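Data first, discussion second: the structure below is written as structure tokens.
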Protein chains: 2
Amino acid sequence: MQYFKNPTILKILDLYKDIWALSYTSAVNHWDLETYMPSKGVGARGEALGRLATIRQRMFLDPAFVKLINLADKQKLNDPEKAAIRVLNREFKFYTKIPAKFIEEFENLTNTATVVWRTAKEKEDFKIFEKPLSKIFDMNRQMAEHLGYEDSPYDALLDQYEEGLTSKTVNQLFSNSIPQLQTLLKQITNSKKYQKTHWLENQKYDRGEMSKLNDKILRSLWKDFDRFRIDVSSHPFTTSFGNNDTRITTWYHEKDFARSILATIHEFGHALYDLQSADSLEMTPIAGGSSLVIHESQSRFWENHVGRSMEFIEKFLPDMQLAVHGSPLTVHDAYLYFNKVSPSLLRVEADEITYHFHIMLRFEIEKDIIEGKLKVKDIREVWNTKMKEYLGVVPKKDSEGVLQDIHWSGGSVGYFPTYSLGTFLSAQWREKMSNKQIFKSTNYDKTKAWLEQNIHIYGSIYTMDELLKKNKMKYDPSVNLNYLQEKYSKLYEFKFFSQ
Amino acid sequence: MQYFKNPTILKILDLYKDIWALSYTSAVNHWDLETYMPSKGVGARGEALGRLATIRQRMFLDPAFVKLINLADKQKLNDPEKAAIRVLNREFKFYTKIPAKFIEEFENLTNTATVVWRTAKEKEDFKIFEKPLSKIFDMNRQMAEHLGYEDSPYDALLDQYEEGLTSKTVNQLFSNSIPQLQTLLKQITNSKKYQKTHWLENQKYDRGEMSKLNDKILRSLWKDFDRFRIDVSSHPFTTSFGNNDTRITTWYHEKDFARSILATIHEFGHALYDLQSADSLEMTPIAGGSSLVIHESQSRFWENHVGRSMEFIEKFLPDMQLAVHGSPLTVHDAYLYFNKVSPSLLRVEADEITYHFHIMLRFEIEKDIIEGKLKVKDIREVWNTKMKEYLGVVPKKDSEGVLQDIHWSGGSVGYFPTYSLGTFLSAQWREKMSNKQIFKSTNYDKTKAWLEQNIHIYGSIYTMDELLKKNKMKYDPSVNLNYLQEKYSKLYEFKFFSQ
């Protein structure tokens, strides 16, 4: 594919490099904030990042820059050129529709709210967080009004995270999937083989050995550590400073080693998207993957379809055994542990089936608040009621309930649904690659090459719909359902009859 | 002291915060570049940092900003306000005198030159580096012409690193000190106790234990690791993102553990300056220490007067013994090792006496090239001749000779003399504090408090001369000479007769 050649686009990309440089250096500062920054550095860091965001906005709204974008928009462009304009226009519209004062106020609010959220979580008291959270939802509703929408103000927020996503679509997807997942869950919990807990969950592990194992896993999946690294943070994440410097983090707890391994391989899936995107897209608005759903489909593919597979577990079994101080492990036992299904309180610990109930709960609550049908002061009660209804468990502490996620404190409303949508899609990639005999062993070279050529290399050139079309695919959550039904009916030894 | 209250100054400081934010985020990127960045990330990092430097320059030259500086310059200001204008004016003059195109070209040149320098050093071939080095000296000469000077163009370069420093001053200081240092060196090498090498230099150490020891040393000197940290890099350095986040690095080699300890405590001395500077100066142009000579006087104080002292060595002797795999150590032996004097090839490994010969050599070469009396192609020969003359040793490899320092490849010409000047001054702080009975044990609380109250808290409010005056002191390298004569005549058991 030939990339950028239109002279107006080339001028735009040259000017854009300043904006890119601000994003790039900010991203490095964010990474440092989450990994190595001494805690008291947070004040200056927040101030500096806030200033850079404002400088960036000013550059974006520079009339000379805007004029070029408008000019290019009327010209005949190839796919990457069109995409660059699409992405720039999205951001430009955001900056013109949302007053600068509003952005600054929102930035300050979320900076404070994150600190308040941490305190509230530590003290197990939602009341402490209620006021800033109300303000965050208020401002999100105002943001929706600024941005505009057709049906629901929540749609304007969903669109911020996944271009074109609406609550109607999300509703439809959930109403197709959730009842069948509920049936599946019931069959699992009713099966003779069902165990509420697995002994390995409570097995303490050696952190040094686990760290070595994570490293070994990554090196088996990716050779070039001159453009990739792993660190530790309080919550795992991936950040990319371009395809020559993409980083992930993982976490370690005292026990339950699968959490650390699955986090590592999940983040690797995100990283691979950025590592394998085309060089020619670097430093442009369409570098790396942008659609959150596609991104999550990559991380979930590696986490669930690779990390939870028998072959993968078998490959690293001796290392896992070493990590749990030599406790004897059989492949089957470890496989059961990695694939244990059990309703639980925490989203980040949820299995492949109950995960989506957690997402639906958040989606419904967010939507109801933004549409004015629910008040923030009542969230806690609604949360607990819904947990009881969907999963049969009720949080005893707010840290395991309404206060568990960082998203709201950071101002993100409308983000959660992309997690489920991406997970559904991951099963479609698996099916596609399995049909082509590409995805079938623990040598993942062909898999990586296929993902590179059909997804990663395009960076953000295509929207999700365009990319699926290009791959002759249609978004279809039933593929995920079939995968789950087949896998878990076998594991828990029951026959699955779909409703 | 009351800090900023003049309304014009307050407006300037508010605008300056954007400039500060660019410096701050760039500094974090530089730290990452030297510590954790995957090596292939260097291209994008260089591009991003270059862009930020240009954005910063544009902001500095914004007519509205310049107008305010000129306005404030005519008003009645207190010391910190005057200092802010002094520092801003210095940078403003640099930007107005040096064409933007020149700065960009110089930036690109030094980015490339650093890579070429590394290759040349690896291949032990000065020829490879000759061309970019000639260009760097050429551009430095042009820079001197742009900046203006009275006597020598080299003065314009010295002034970049230490305000007001001239080659005349440096010449004078060296011609007062060097002959006496040469006499002292001769007496040491002639003494019966003189040993060319010490067995501990070749003793391999355990890196894990050394890392623990460095940590223990730092924690004995500084409690608050919520605003301080240590990492590893190829060359030790200190960087400060404000007094709430100041970081040092150290290095580890296979053997010769004192290098690691002394590097750690040297950088701690730099860090302490920034950690103890006044809160009110944060995010202003005069935050942290700025005079390189004062800064070096701090690092050298901690390195030489603390790190090389009998008391300090005794305190950490058991840990040192552990680091060298339990080889028995006596305090006296370790003290001899830390204070071994012996002419050697590498500046960074030099002892307290021969160090200054290394600096004088670089000073003379730099000055001669900038004044057109020496050509870059002849540097290697002159270097080797001078090494023979001053130290009696001749490099067999360029990596241990003309290619050993990173400074020139980074574009810095005129920097080296600050190392000697700072070292000379460090002995004056020692004398002052010893006279006040402040500096006398391994509890350094009083020492730190004195340094804080009399130096650090002022950040960059005062120039070196002003700060010395404020402390009722006069710059006097003979204090350092006396200290060295007393210390080493005792150690090597000879009587010192000054010439």
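Can you tell which of A:472, A:490 is more than 24 Å from residue A:191 (Cβ to Cβ) and either surrounded by fewer than 17 Cβ atoms within 10 Å (Cβ to Cβ) or not assigned by TED's automatic domain parsing to the domain that holds residue A:354 (or both)?
Answer to the check: A:472.
Could you grab me the full set of residues in the stretch B:217-250 that are surrounded by fewer than 17 Cβ atoms within 10 Å (Cβ to Cβ) and under 12 Å from residue B:34 (Cα atoms)?
B:231, B:232, B:233, B:234, B:235 - these are the residues of the stretch B:217-250 that are surrounded by fewer than 17 Cβ atoms within 10 Å (Cβ to Cβ) and under 12 Å from residue B:34 (Cα atoms).
Has the stretch B:151-159 got at least one residue that is over 25 Å from the mean Cα position of the chain (by Cα) and under 25 Å from residue B:403 (Cα atoms)?
no
For the stretch A:63-180, give me every one of the helices (runs of 4 or more DSSP H) that falls completely inside it and has 1 or more residues that are in the same structural domain as residue A:357 (by TED's automatic domain parsing), exposed (fewer than 14 other Cβ atoms within 10 Å of the Cβ) and out of contact with any Lys or Arg (no Cβ under 6 Å at 6 or more places or on another chain). Show your work before the answer.
Details: elements: A:63-73, A:79-97, A:100-122, A:126-147, A:153-161.
The helices (runs of 4 or more DSSP H) meeting that bar number zero.
Show the residue pairs that are 6+ apart or on different chains and have beta-carbon atoms under 8 Å apart, the first residue being within the stretch A:393-409 and within 21 Å of residue A:134 (Cβ to Cβ) and in contact (Cβ under 8 Å) with a residue 60 or more places away in the chain, the second being surrounded by 19 or more Cβ atoms within 10 Å (Cβ to Cβ) and among the hydroxyl-bearing types (Ser, Thr, Tyr).
As it stands, the answer is A:409/A:110, since those pairs meet every condition given.
Yes or no, residue by residue, for (1) under 26 Å from the mean Cα position of the chain (by Cα); (2) not β-branched (Val, Ile, Thr):
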{"site": "A:68", "(1), (2)": "no, yes"}
{"site": "A:77", "(1), (2)": "no, yes"}
{"site": "A:90", "(1), (2)": "yes, yes"}
{"site": "A:106", "(1), (2)": "yes, yes"}
{"site": "A:112", "(1), (2)": "yes, no"}
{"site": "A:129", "(1), (2)": "yes, yes"}
{"site": "A:134", "(1), (2)": "yes, yes"}
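Can you pull out every residue in the stretch A:408-426 that is part of a helix (DSSP H, G or I), more than 9 Å from the chain's Cα centre (by Cα) and of a type in the set (Val, Ile, Thr)?
A:423
For the stretch B:183-208, enumerate the residues that are assigned to a helix (DSSP H, G or I) and surrounded by 17 or more Cβ atoms within 10 Å (Cβ to Cβ).
Hits for the stretch B:183-208 are B:184, B:185, B:187, B:188, B:200.
Conditions tested, residue by residue: (1) closer than 30 Å to residue A:224 by Cα; (2) at pLDDT below 95; (3) at the interface with chain A (Cβ under 7 Å from one of its Cβ atoms).
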{"site": "B:5", "(1), (2), (3)": "no, no, no"}
{"site": "B:11", "(1), (2), (3)": "no, no, no"}
{"site": "B:21", "(1), (2), (3)": "no, no, yes"}
{"site": "B:24", "(1), (2), (3)": "no, no, yes"}
{"site": "B:31", "(1), (2), (3)": "yes, no, no"}
{"site": "B:39", "(1), (2), (3)": "yes, yes, yes"}
{"site": "B:43", "(1), (2), (3)": "yes, yes, yes"}
{"site": "B:53", "(1), (2), (3)": "no, yes, no"}
{"site": "B:64", "(1), (2), (3)": "no, no, no"}
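Quick grid of which residues meet (1) within 24 Å of residue A:417 (Cβ to Cβ); (2) in contact with a His (Cβ under 7 Å, 6 or more places away or on another chain); (3) at pLDDT below 95:
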position: A:292; (1), (2), (3): yes, no, no
position: A:297; (1), (2), (3): yes, no, no
position: A:303; (1), (2), (3): yes, yes, no
position: A:307; (1), (2), (3): yes, no, no
position: A:320; (1), (2), (3): no, no, no
position: A:330; (1), (2), (3): no, no, no
position: A:336; (1), (2), (3): no, yes, no
position: A:339; (1), (2), (3): no, no, no
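Could you check the stretch B:448-467 and list, in sequence order, the residues that are without any contact (Cβ under 8 Å) to a residue 40 or more places away in the chain and crowded, with 17+ Cβ neighbours inside 10 Å?
B:450
With respect to residue B:219, determine if the residue is within 14 Å of another protein chain (Cβ to nearest Cβ) and out of contact with any Asp or Glu (no Cβ under 9 Å at 6 or more places or on another chain).
Taking the combined requirement at face value, the residue satisfies it.
Provide a single number: the residues in the stretch A:246-275 that are within 14 Å of another protein chain (Cβ to nearest Cβ) and within 20 Å of residue A:20 (Cβ to Cβ). Please lay out each step first, then the result.
The initial filter retains those residues of the stretch A:246-275 that are within 14 Å of another protein chain (Cβ to nearest Cβ), namely A:246-249, A:271, A:274-275.
Still in the list and also within 20 Å of residue A:20 (Cβ to Cβ): A:246-247, A:271, A:274-275.
Total meeting the criteria: 5.
The values are calculated or read from the model by the stated rules, or taken from the named source; none is laboratory data. Because the structure is predicted, anything quoted here is derived from the model rather than measured. So basically every Cβ, Gly included, is an ideal-geometry build from the backbone, and we count neighbours across all protein chains shown.
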